[in-house]
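S.K.: Just passing along the structure, written as structure tokens.
Taken together, the values in this text are just the output of simple stated rules run on the coordinates, not laboratory data. These numbers were taken from a predicted model, which means no experiment stands behind them. Reconstructed Cβ throughout: ideal geometry from the backbone, glycine too, with neighbour counts over all protein chains shown.
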Amino acid sequence: MEGSNEVRGGIMARLRVGVLGLNHDHVWGNLAALNDNELGQAVAAADPDPRLRERLAREHGGVEALASYDALLERAGLDAVLIFADNRASAELGVRALGRGLPVMIEKPMAADLAGADAVLTAARKAGLPLMVNWPTVWRPALRHGLMLVRSGAVGEPVQLSHRGGHAGPREYGCSPQFCEWLYDPTRNGGGALVDYCGYGAILCRTVLGRPDAVTAVARHLRKEGLPAEDNAVVILRYPRALGLLEASWTQIGSEPALAMVVFGDAGTLLVHQPKATREGEKAGAGRIQLVTAGGSEWIDPPALPADERDGPSYFLSRIAAGRAVEGLCAPEVGRDAQEILAAALRSSASGREVTLPLTAS
């Protein structure tokens, strides 16, 4: 893969980026980050909802607002696209964009189901183009440094890895009506709280422990009125010598425990303490790492991430400009395997049985 920046007038031109979908609230912070980056700029965005196009005009007046995805995909002069639609539409749009020769950054979890994730990954491989799955937690220094410490042997061999994600529910968290509309729709979302939050832990387990042998899950609708999907879930990943524990909740009061990851090893325990945002669009606070061994407890302040890894668009653009593959937590293969874990969890909860991997067609 070669870099795609062109030189215009003796200077390196910024990559021209289109945005497909505005009904995923993560889009607004990413749009701001994109337009603050010297490597690229948003030139057009498409969404059928006029209210979202009006917001785009207010906040990003220089970005052309289009009413249809087709109009954006047919627009000449694009170098890449970011996708912020609902989970099902995002996978379909990713396949179409890659088919038109456009590198794609797609907001987590990649798709509404495993078939969608496989379709996007296949399209990227066929086109030979970059595909990135953007997980917002990846750009937090404490989590990244904690992962590095675990992988370098700071806790010995990992025995358990746990992750919990939760809030009081999308509406209570301050998500927009357009975002809530599809988050509460299991067809467009792929599920409920499990799909929303367990993917964050799935990519951590996939990175530290690999693909699990089997998945057991209990996902239930316990409290939320008018929600045709699960509002709480617990998922256990079984490995030959380890376990993964993923928890999700849309009924949690407060932001504690503020832990981005806990890894229990045979030589120590590592906790990533990460103050959480309390509303949609709010930035999480600075995090710290606690490393506990037989010799005592040590607190570690993580180093800052490189400038090209401060947010999703920065990493995406830097990879395109340098002609380098997307790696690590945002790699499409990791996203695909996380989607398989989510699919196995939903299948396990529905059947009441452990589900072995790799998945076969249901």
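S.K.: Quick one: divide the alpha-carbon radius of gyration of the range 194-297 by 2.2 N^0.38 Å and tell me what you get.
M.R.: Cα-based Rg divided by the globular estimate yields 1.20.
S.K.: Using only Cα atoms, find the angle between the long axis of helix 87-99 and the longest principal axis of the chain, and express it within 0 to 90 degrees, rounded to the nearest 10.
M.R.: With both axes taken from Cα atoms, the answer is about 50 degrees.
S.K.: Another question, then. Which of the GluC sites (Glu not before Pro) found in the range 243-308 are loop residues per DSSP with 15 or fewer other Cβ atoms within 10 Å of their Cβ?
M.R.: Qualifying residues, ordered by number: Glu282.
S.K.: Less than 25 Å apart at the alpha-carbon level, and either on another chain or at least 8 residues along: which lysines does that give for Lys276?
M.R.: Correct list for Lys276: Lys108, Lys224.
S.K.: For the range 74-215, what mean projected area does the convex hull of the alpha carbons give, in nm²?
M.R.: Orientation-averaged projected area of the Cα hull: 10.6 nm².
S.K.: Taking 8 Å as the Cα distance limit and 6 or more residues as the minimum spacing, I'd like the relative contact order of the range 110-219 as a percentage. Mind showing how you got there, number by number?
M.R.: Details: 54 pairs, mean separation 28.9, N = 110.
After rounding, I find 26 percent.
S.K.: Further, regarding this structure: Give the share of C-alpha pairs in each 10 angstrom bin for the range 260-362, from 0 to the last occupied bin, in whole percents, shortest bins first.
M.R.: Going from the shortest bin to the longest, the percentages are 11, 23, 33, 28, 5.
S.K.: So what's the angle, to the nearest 10 degrees on a 0 to 90 scale, between helix 332-351 and the longest Cα principal axis of the chain?
M.R.: Taking the Cα atoms of the chain, the angle to 332-351 is about 60 degrees.
S.K.: While we're looking at this one, here's another question. Please determine, in degrees from 0 to 90 and to the nearest 10, the orientation of helix 50-59 with respect to the longest principal axis defined by the Cα atoms of the chain, where the helix direction is its Cα long axis.
M.R.: Computed tilt is about 80 degrees.
S.K.: Oh, and also: Please state, to two decimals, what the Cα-based radius of gyration of the chain comes to when divided by 2.2 N^0.38 Å (N = residues).
M.R.: 0.97
S.K.: I've got another one for you. Per the helix-only calculation at 222 nm, which mean residue ellipticity applies to the chain, given -39500 (n - 2.57) for every DSSP H run of n ≥ 4 and division by its residues, nearest 500 deg cm²/dmol? Write out the running numbers ahead of the final one.
M.R.: Details: 11 runs with 121 residues, N = 362.
Helices in the chain give a 222 nm mean residue ellipticity of -10000 deg cm²/dmol.
S.K.: Pull up all non-local amide H partners of Leu259: gap of 5 or more, or a different chain, and H-to-H distance under 5 Å with H placed in the peptide plane.
M.R.: Result for Leu259 returns Gln274.
S.K.: Based only on Cα atoms, what Rg/Rh ratio does the range 1-160 have, Rh being taken as Kirkwood's radius?
M.R.: Rg/Rh: 1.02.
S.K.: Taking Cα pairs under 8 Å and at least six residues apart, what relative contact order does the range 148-274 come out at, in percent? Don't jump to the answer; show the numbers that get you there.
M.R.: Values: 267 pairs, mean separation 47.4, N = 127.
Once divided by the residue count of the range 148-274, the mean separation gives 37 percent.
S.K.: Pairs of alpha-carbon atoms within less than 8 angstrom and 6+ residues apart define the contacts here; what relative contact order does the chain have, in percent? Provide the component values of the computation, followed by the final result.
M.R.: Details: 809 pairs, mean separation 72.1, N = 362.
Dividing the mean separation by the residue count of the chain yields 20 percent.
S.K.: Running Debye on the range 132-201 with equal point scatterers at the Cα sites and no solvent, what base-10 log of I(q)/I(0) appears at q = 0.21 Å⁻¹?
M.R.: Summing over Cα pairs of the range 132-201 leads to -1.00.
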